[in-house]
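Engineer: The structure under discussion is supplied below as structure tokens; questions concerning it will follow.
No lab work stands behind these numbers, since they all come straight from the coordinates. Note that the structure is predicted; figures quoted are calculated from it, not measured. We place every Cβ from the backbone using ideal geometry, glycine too, and count neighbours over all the protein chains shown.
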Amino acid sequence: MITLYTFGPSGGLPDPSPFVMKAETLLKIAGLTYRADTTGFAKAPKGKLPYIDDDGVKIPDSTFIRQHLEAKYRFDFERGLDAERKAIAWAFEKMAEDNLYWAIVEARWMHDHNFDKGPRTYFRSVPAPIRPLIIKIVRRQVRKSLHGQGIGRHTHQEIVALANRSIDAIATYLGDKPFFMGAEPKGVDATIFAFVASALCQLFTTPIRDHAERHGNLRRYVGRMTARYYSDCTEIAGCPAAE
Ligand SMILES: N[C@@H](CCC(=O)N[C@@H](CS)C(=O)NCC(=O)O)C(=O)O
């Protein structure tokens with residue numbers, strides 16, 4: 001049995017972490033049975049979510065989770081793609097994970113109006129007397145991560161400009177195809193779906209969201225992925241489920 005360690009649904013998303021959403025969607029695309037567990041963060045092998053426990057074997061990191069599913073369950077997430085399209089898919093995934101992601105983190109964690117609605121609520125289980133201190137420490141760590149990654153050295157406007165170019169690139173490549181690489185979903189769709197839905201998340205007020213909302217094909221794409229893989233949801237990130 002596979003256990004996927006998650007943060008749990010929040011803000012109209014299956015998970016506030018796009019990496020957890022990606023891993024969960026990969027499991028769904030592969031048609032594997034799993035259970036979600038929200039109690040694993042403290043024991044995360046690499047200190048981050050997601051990770052899975054597959055019959056006692058722990059695999060952290062969404063990309064290595066995918067590799068594990070490919071190796072153990074012989075599921076081909078790239079079936080039918082030639083080498084060039086595999087390269088394009090990988091490049092888009094890493095653009096989302098290593099660039100767009102940090103712009104989303106900046107938008108959610110560094111601006112009080114978003115922080116108060118989202119990240120601040122993640123600390124509800126921390127005892128009240130020490131909660132403000134823990135929040136301050138974690139928020140400072142996130143600021144340091146943004147600075148270390150490099151994006152935190154830019155102005156908010158510069159960060160938004162970078163994110164919007166990524167959103168435009170995703171929208172342009174998707175075009176009017178049903179899924180990112182064509183008629184059928186591939187592994188890359190788990191990533192693109194997770195990051196586009198995160199950018200569109202209705203809980204947060206961000207220029208990135210405003211920009212993403214102008215791309216009707218992205219909203220329809222999120223709705224299509226929702227209809228196919230999250231049949232218990234009528235909408236995700238304000239995008240109605242529809243094939
Ligand atoms: N490369 C990892 C990234 C995972 C990641 O960044 N997870 C974040 C949530 S979005 C996390 O757990 N952060 C907690 C921390 O850094 O303390 C993956 O693909 O799974």
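Engineer: Restricting to the chain, compute how many DSSP beta bridges are antiparallel as a %, nearest 5.
Structural biologist: The answer is about 75 percent antiparallel.
Engineer: Apply the Kirkwood formula to the stretch 110-177: the hydrodynamic radius equals the inverse of the mean of 1/r over all pairs of different alpha-carbon atoms; give it in Å with one decimal.
Structural biologist: Value: 14.4 Å, from the Cα pair sum.
Engineer: Run the quick spin-label model on residue 202 and residue 116: label points 7 Å from Cα toward the beta carbon, then report their separation in nm to one decimal.
Structural biologist: Reported label-point gap for residue 202 and residue 116 is 2.1 nm.
Engineer: Most exposed first by the Cβ proxy, i.e. fewest other Cβ within 10 Å, how do 88, 2 rank?
Structural biologist: The most exposed by this proxy come first: 88, 2.
Engineer: While we're looking at this one, here's another question. What is the fewest-to-most order of 110, 181 by other Cβ atoms lying within 10 Å of their Cβ?
Structural biologist: Going from sparsest to densest Cβ surroundings: 110, 181.
Engineer: Between residue 131 and residue 35, take the C-beta separation as r, use R0 = 30 Å, and let me know the FRET efficiency to the nearest 0.05.
Structural biologist: Once rounded, the FRET efficiency stands at 0.50.
Engineer: So, one more: Roughly how many whole Å is it from the C-alpha centroid of the stretch 167-243 to that of the stretch 46-102?
Structural biologist: Going from one Cα centre to the other spans 19 Å.
Engineer: Moving on. Order these peptides, 91-100, 184-193, by their mean beta-carbon neighbour count within 10 angstrom, highest first.
Structural biologist: Answer by packing, highest mean first, reads 184-193, 91-100.
Engineer: What distance in nm separates the simple spin-label points at residue 71 and residue 143, each placed 7 Å from Cα in the Cβ direction?
Structural biologist: Going from the residue 71 label point to the residue 143 one covers 4.1 nm.
Engineer: Using a cut-off of under 19 Å, list every residue of the stretch 198-216 whose amide N is near the label point 7 Å from the Cα of residue 156 along the Cα-to-beta-carbon line.
Structural biologist: 199-213
Engineer: At 222 nm, what helix-only mean residue ellipticity would the chain give, in deg cm²/dmol to the nearest 500, using -39500 (n - 2.57) for each DSSP H run of four or more?
Structural biologist: -16000 deg cm²/dmol
Engineer: Using mean Cβ contacts within 10 Å as the protection proxy, how do 27-38, 138-149 order, highest first?
Structural biologist: 27-38, 138-149
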